[in-house]
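The values are calculated or read from the model by the stated rules, or taken from the named source; none is laboratory data. On a predicted model such as this, the values are computed, not experimentally measured, just so you know. Heads up, the Cβs are rebuilt from the backbone with ideal geometry, glycines too, and the neighbour counts pull from every protein chain shown. Heads up: the accessible areas ignore ligands, DNA and RNA and are worked out on the full protein's heavy atoms, side chains in. Shrake-Rupley method; radii C 1.70, N 1.55, O 1.52, S 1.80 Å.
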Amino acid sequence: MNGLRRFNGRNLVWLVPLLLLVSFPLWRPPLAAFLAPRGGYDPSLAQNRPDSQDFVMNRVHITQSHRGKNTLDIVSDQAMTGQTTDEIRMDQIKAVITGKDGRQSHVSARKGIFDKATSLLTLIDDVVINKPSEKYEITTQLLHYDDKTKIAHCPGATRLKGEKITIKGGSLTYNTTAGSYDIGGRVFCRLTHFIRP
């Protein structure tokens with residue numbers, strides 16, 4: 001009797017793992033279902049992707065220069081990553097565009113995108129361009145400025161207002177190098193203090 005107790009006590013430790021091993025086909029499916037990760041598997045997530053450089057910054061100052069001279073200065077209340085690594089999206093923008101002759105144009109807008117690779121600045125919503133040297137102001141809703149070609153293009157309705165003149169057009173293209181304007185669409189012009197020859 002004493003030997004039987006000793007046998008049961010010692011082998012009971014070996015009996016529990018043996019029973020678990022023998023009954024494994026019975027308890028494996030419910031345990032596997034319980035331990036399976038929830039939500040599904042997306043194979044595209046396992047692909048190697050380049051490190052992203054997402055950012056959001058407040059009060060950003062971007063400067064573009066050519067041959068040691070600043071050609072474009074942009075100050076934005078907030079800037080963030082765009083659709084590509086070269087794009088910077090911005091909110092509440094104030095920019096200074098400097099032509100080859102040194103004359104400056106002051107530009108403001110609610111939103112904008114600057115592409116570092118192409119030097120293209122796109123301004124959107126309540127775009128205002130001031131030319132202090134020529135004393136006029138241009139307002140529009142969309143402006144594309146190419147810092148390489150020095151050409152500003154407003155594809156939509158545009159209004160130019162000076163001391164004695166107001167011009168409204170369907171589009172406007174301004175070449176900062178040549179100082180020439182091309183106003184398209186239906187053009188309306190009002191002159192004040194105009195003296196007939």
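Between ASP182 and VAL128, the modelled label-to-label distance comes to 2.9 nm, taking each label 7 Å out from Cα in the direction of the beta carbon. Here the extension length gained between LYS161 and SER23 equals 40.8 nm, from 0.36 nm per residue of separation less the Cα-Cα distance. Across the protein chains, with a 1.4 Å probe defining accessible surface, the residues GLU163, GLU134, GLU87 rank GLU163, GLU134, GLU87 from largest area downward.
Protein heavy-atom surface of the range 56-197, 1.4 angstrom probe: 50% of the accessible area is carbon and sulfur, with nucleic acids and ligands not counted. A probe of 1.4 angstrom, applied to the heavy atoms of all protein chains, finds HIS61 with accessible area near 120 square angstrom.
Using only the Cα atoms of the range 98-197, build the gyration tensor, take square roots of its eigenvalues as a ≥ b ≥ c, and label the shape rounded, prolate or oblate: rounded if a/c is under 1.5, else prolate if a/b is larger than b/c, else oblate. Prolate is the answer for the range 98-197, as a/c is 1.5 or above and a/b outweighs b/c. Take every pair of alpha-carbon atoms less than 8 Å apart whose residues are at least six positions apart; their mean separation over the length of the range 65-197 yields a relative contact order of 14 percent. On a per residue basis, the range 50-197 carries 63 Å² of accessible surface, using protein heavy atoms and a 1.4 Å probe. Only protein heavy atoms count here; under a 1.4 Å probe, MET90 has an accessible surface of about 0 Å².
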